[in-house]
Amino acid sequence: MTFEERFDWRLFFIMLALFTISCVAIYSAIQTNQYSDNYVLRQIMWYILGSFIIAGMMMIEPIQYKGLSWYVYGAGMLVLLALVVAPASIAPVINGQKSWFLLPGIGSIQPSEFMKIFTILVLSRVIVNHNKENQFKTTKTDFVLLMKIMGVTFAPIMLIMQQPDFGTALVYLGIMSGLIIVAGVTWKLILPIYGLIGAVGGTVFYLVIQAPDVLRKYLGIQEYQFGRIYAWLEPYKYQSGEGYHLIKSLQAIGSGMLTGKGFGGGEVYIPESHTDFIFSVIGEEFGFVGACLVILVFFLLIYHLIQLAIRANYSYSAYVCVGVVSMITFHVFQNIGMTVQLLPITGIPLPFISYGGSSLLANLMAIGLAFAVHYHQREFMFGDNNLQD
Amino acid sequence: MGKNKKKKSHLPLRMNILFFVIFLLFASLILQLGVVQILYGEDAQEEINRTENTTIHTPVPRGKMFDRYGRVIVDNEPLYSITYTPPKGVQPMDRLALAEDLAEFISMGDEEELKKIVRERDLKEYFYLLNEEEVRERVSQEETEDLSGGEEYQLMLDRITEEEIDSIPFEKYQLIAIKKELDQASALAPHIIKNEDITIEEYASVAEHLNQLPGINVTSDWNRKYPYEGTFRNYIGSITNAEQGIPRANQDYYLSLDYSRNDRVGKSGLEEKYESILRGSKEKIRYETDKRNNIVNTEVVREGSRGDDLVLSIDIELQQQVDEIVKKRLKEEIARQPYKNRFLEDAMVVMMDPNTGEVLAVSGMYYNRDRESGEPEVVDHSYKAIQAQHLPGSTVKGATVLMALQEGVMKPGETIYDRTLRIKGTKDKSSYRNLGPVSDVTALQKSSNVYMFLAGIRIGGDTYIPNEPLGFKSGTYEKFLYYFNQFGLGVSTGIDMPSEAVGVVGQNPGPGTQIDLLIGQYNSYTTMQLAQYVSTIANDGYRVRPHLVKEIREPSNDTEQLGPVRENINTTVLNRIEMDQEYIDRVKLGFQYVFQKQGGTAYGSYNDVDYSPAGKTGTAENIVVEEGINGEKELIDTENLTMVGYAPHDNPEVAFSVVVPNVGKGVSSSINKDITKDILDAYFELKKERSEKGIEDVNENLNEEEAEVSDNYEE
């Protein structure tokens, strides 16, 4: 097959659309910003760098990723561990989080972003191998699989909570949840576990709102630790900090109304609007129509990746795709959700659109995996599961 | 391939389930977007329009305080500042232009100060701004390739030569110094450009030209100033500073009254008590700003007004003299007998108008023995006059005699024989010496304890039989307290201060101790309570509320003139004692004899004065615990020397109480009498001077009104 046939053109055009949206949105955001740096140019640079990485990653076959997975995962764990013990000179505490390595000449990198990719690679391998070894599934074997998946996921989460970076840790849970569903674990296990998590979460949430005394008394948790939840529910009462961010975001998006104020027409000043709150800028300037369009592009991306997974004839590739889908979904849902008061505020960027080096590169690497899956899908035209284009 | 088949069996289904979940999540996002943008979009836009209208509360000065003759005791001293609040995205050239404009109105210092403020780097930055193109060319592309923006800028500054800096004329230093301050401001946060040594002219000219000076604002704040320095400060109290703001404990209370968190409020004394009057109402201005934060419209929502002024009842001149007298007498007494007087450290005085309750002076001096860090020898502790409680001694006998007469256990003129009483179970009880026959009047004159004891025993329903124990009917002690309370002894005086002590009242003692109360040897009272007690007798039985504030006046623009009276603090009669006028007259006669008749305990010193004092002396035995070097404890007898009274006896215009606790026993001190003589002399001397020369520094208007007010009260 020719390169043209093997290359995933649809994915390419979806990424091109996201790239364009990103540049436009960041350009708008920095108009009302206190920074003088030109983040659009820098974002373009990151995209170019990312393209090279994707090109390189595309050449590697999925089976090779599978073989490498434990090594990169191990290396990633070591880096995360190093971050915990590193001195402030190379791992400074920024905004109360010790999440970045300061590399002279390169800038700052956030290892936990890249670790997401490595975790996806290992989780996929664990699932494939487990299913291969246990052809006759029982509840017991499924339970063992569940334990393995959790083990692989919670190891980096523990280290990330040391930073502490609650938002990124949640992303790992998102990836894990997606993979558990498709790993073939019986519903007899999934439903009670998800139900239990839901019930515990719901109870804590109820206590936070209705009876914080109980939490303080029995769990030793102070009220301020739920600040972001209070700020989410009653932003006008907690106007300093997160409440302020939410109010500004709601004002910006809300006032965009149906069609927006037009490119460059933003009036509301939102701190950090070029990173985590980029969607507020889109919502304000391009309105409901523009915001839905962006969500639609993400949906197309996810639809495409799911199709890729379903058509993959190598099960490892399918799981990797699902991992990527789970990660992107979680990011998109959490980020957009927090700007419209659907979810509490956490520091998670909007993938491919928010400005940010590590996060963008890691997400592009995830897309690189998808390109590789497509590129090495040699027999997909003849596969027994071929859904006709 | 077989393995793949197995995988395929669950994968597509599960993936479709996952995809369906994702679809639901995205659908909820769009739904919520619809709610935010379409349902509530209009509201959000309105909110933006609204919040861009900022309402600013400008603080107004607090009300001042004056003494009873209109002399300023607490004043305000304005503090001006000029601030800069940069809008977003302001460029260095904008700031330079602003600095040029500002330099027309304000000065950052004289020649020498400017040379200190303006550093080489400031000059280089200024030069760079003016010659940006040229300086840029001095740095080549290759050199800047690896440099960050900041490093590149530094490199370009380095290329500016000494000669170029020197070419900047000195006239420009003013604006460079201003620009330096402007550069330090961060977006949307006010930065103080100048706040010390701002002249009124600078302030006014900047204020006038605010519309030409984007981001510049002028604010004014006030500091309290005390022309009489420490005098009466214990009662004036203090206010919080802007950092402390409103007290955290009562935050909600203050916020509900439209205070801001950094507002300064009274935290003690009159400043706290009269906070609502002194605070004034803040000026409320609404600024309408466009989205670049430029002010497009200002509207005064509410004119502010300074807080109302307080005219105190205090005579500051008398206050100063009384402070001096107490200080001098305390120091002298301690110097006279330093060892025996080693527990003597306080002396307190209250002087008030017995008819109106207006407090004229209140003093309390503390002798500071522990002076390591160069603290003064005598410190103003006048708060103790309402906070410290001491055994009053015989001064309360007026109340006892009135009770006895009212209860009918003693008849006016009835004589008892003063001798040592021997009661089983208690120590022998006697007067300071056996006084022989005494009546109600002479019992006061000579300070008979035995008369008081016998009266108490009769009220208790018992009869004195030597060497027998006492047995009182129930409710006797309560009856004693009830009568004493009518004079304010053991209850709040109602003085207009945030807090006062109400005396120490013992619980249910035995009869032998109960009658000690009647000679002031059991319950303790404050100096203010004693002053209220004696005033009650002086004005024929009306217990009036002592107060420090006489009038509330509207602020006046004229600094020389007091504003119109908003409210007169009238005399408040708390209660009328139950005793008949005839009995009160007997006690007043007794009080008069104390000072004016041979054998009176305060007789002798007042032959040469014409103000005809009356009152009662007191000596209470007070035991102090002394701790030895090795921690062993020893009980030492000391005496509280006290005095209450008023003058003139037939038409009292001033009442007083003096309390000097813990004078050494056996030092034959007369400090209570000495202080009394001195303060009465001072009062009547001042009165005489004023009738001849008028009051210094006194506002004419006030004088007349003052006279009128006094007349009203005479009735």
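So here's what we get for this one:
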quantity	calculated
Average beta carbon contacts from partner chains per residue of B:115-128, 10 Å cutoff	0
Cα centroid separation - the range B:91-109 against the range B:470-523, whole Å	72
Above-threshold pairs, the threshold being 31 Å between Cα atoms, out of B:LYS424/B:LYS677; B:LYS340/B:LYS616; B:LYS479/B:LYS616	B:LYS424/B:LYS677
Lysines with Cα under 19 Å of A:LYS137, excluding same-chain neighbours fewer than 8 positions away	A:LYS148, A:LYS188, B:LYS3, B:LYS5, B:LYS6, B:LYS7, B:LYS8
Spherically averaged projected area in nm², based on the convex hull that wraps the Cα atoms of chain B	57.2
Projected-area average for the range B:318-397 over all orientations - Cα convex hull basis, square nanometres	6.7
Within straight-line cross-link reach of B:LYS172, lysines at Cα separation under 25 Å, skipping those fewer than 8 residues along the same chain	B:LYS115, B:LYS116, B:LYS124, B:LYS180, B:LYS194
Farthest positive-ward along the range B:84-202 dipole, Cα basis, beta-carbon charges - from B:LEU123, B:ILE200, B:ILE168	B:ILE200
Chain A: DSSP helices with Cα axial extent of at least 24 Å and average Kyte-Doolittle hydropathy no lower than -0.5	A:9-31, A:39-58, A:62-85, A:111-133, A:139-161, A:166-182, A:187-210, A:278-311, A:315-339, A:357-375
Peptide-level mean, for A:177-189, of C-beta atoms on other protein chains within 10 Å	3
Reference-scaled alpha-carbon Rg (2.2 N^0.38 Å with N residues) for chain A	1.01
Helix B:316-336 vs. chain B, principal-axis angle (Cα, 0 to 90°, nearest 10)	60
Solvent-accessible area per residue for the range A:1-141 (1.4 angstrom probe, square angstrom)	53
Buried solvent-accessible surface, both chains (B, A), 1.4 Å probe, Å² to nearest 100	4400
Inter-probe distance in nm under a simple model that places probes 7 Å from Cα toward Cβ, at B:ASN570 and B:PHE20	8.4
Accessible surface of chain A, 1.4 Å probe, proportion on carbon and sulfur as whole %	68
Residues losing 20 Å² or more accessible surface upon assembly, the range B:65-98, compared with the chain by itself, 1.4 Å	B:LYS88
Rounded FRET efficiency, nearest 0.05, which uses the C-beta distance separating B:LYS331 from A:ALA86 and R0 of 51 Å	0.15
Within the accessible area of the range B:568-643 (1.4 Å probe), percent carbon and sulfur	42
Reduced Cα scattering model of the range B:118-183, Debye log10 I(q)/I(0), q = 0.23 Å⁻¹	-0.99
Scaled radius of gyration (Cα, divided by 2.2 N^0.38 Å) that the range B:444-593 gives	1.36
Extension reserve of the A:LEU68-A:MET150 stretch, reckoned as 0.36 nm per residue once the Cα distance is removed	27.5 nm
Ranked packing of B:470-477, B:249-256, most packed first, by mean Cβ within 10 Å	B:470-477, B:249-256
Accessible surface, the range B:318-457, averaged per residue in Å² (probe 1.4 Å)	37
Cα-based helix-to-principal-axis angle, B:41-51 vs chain B, degrees rounded to 10	60
Unit charges on C-beta of K, R, D, E only; dipole of the range B:311-392, Debye	460
Highest-first arrangement of B:261-272, A:330-341, B:423-434, where packing means the average Cβ count within 10 Å	A:330-341, B:261-272, B:423-434
A:MET158-B:GLU46 pseudo-label distance in nm [points 7 Å out on the Cα-to-Cβ vector]	5.4
Ranked by how many other beta carbons lie within 10 Å on average, peptides B:488-501, A:59-72 from highest	B:488-501, A:59-72
Most mobile of A:PRO87, A:PRO235, A:PRO349 in a GNM of chain A (Cα contacts under 10 Å)	A:PRO87
Those aspartates and glutamates that a straight Cα-Cα span of less than 19 Å connects to B:LYS284, excepting residues fewer than 8 apart in one chain	B:GLU52, B:GLU208, B:ASP221, B:ASP258, B:ASP263, B:GLU299, B:GLU303, B:ASP308
Surface accessible to a 1.4 Å probe, per residue, for the residues of the range B:125-276, Å²	58
Cα coordinate range in the protein assembly as shown, projected on the principal axes (Å, largest first)	138, 82, 60
Modelled FRET efficiency - R0 51 Å, A:LEU16 with A:ILE197, Cβ distances, 0.05 increments	0.85
Förster-model FRET efficiency, 35 Å R0, A:ILE94 and B:GLU303, C-beta, rounded to 0.05	0.15
With Cα atoms, 0 to 90° folded angle of helix B:173-184 axis to chain B main axis	90
Principal axis box of the range B:397-467, alpha-carbon based, largest edge first, Å	30, 26, 17
Average partner coverage of A:290-302, which counts Cβ from other chains inside 10 Å	3
The protein assembly as shown, helix-only ellipticity at 222 nm - DSSP H runs n ≥ 4, -39,500 (n - 2.57), divided by all residues, nearest 500	-15500 deg cm²/dmol
37 °C / 0.692 mPa s Stokes-Einstein diffusion coefficient of the range A:305-366, Kirkwood radius on C-alpha pairs, µm²/s	259
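The values are calculated or read from the model by the stated rules, or taken from the named source; none is laboratory data. Keep in mind the model is a prediction, meaning the values are calculated, not measured. Glycine gets a Cβ as well: all are built from the backbone with ideal geometry, and neighbour counts include every protein chain shown. Note: areas computed on protein heavy atoms with side chains; ligands, DNA, RNA excluded. Shrake-Rupley method; radii C 1.70, N 1.55, O 1.52, S 1.80 Å.
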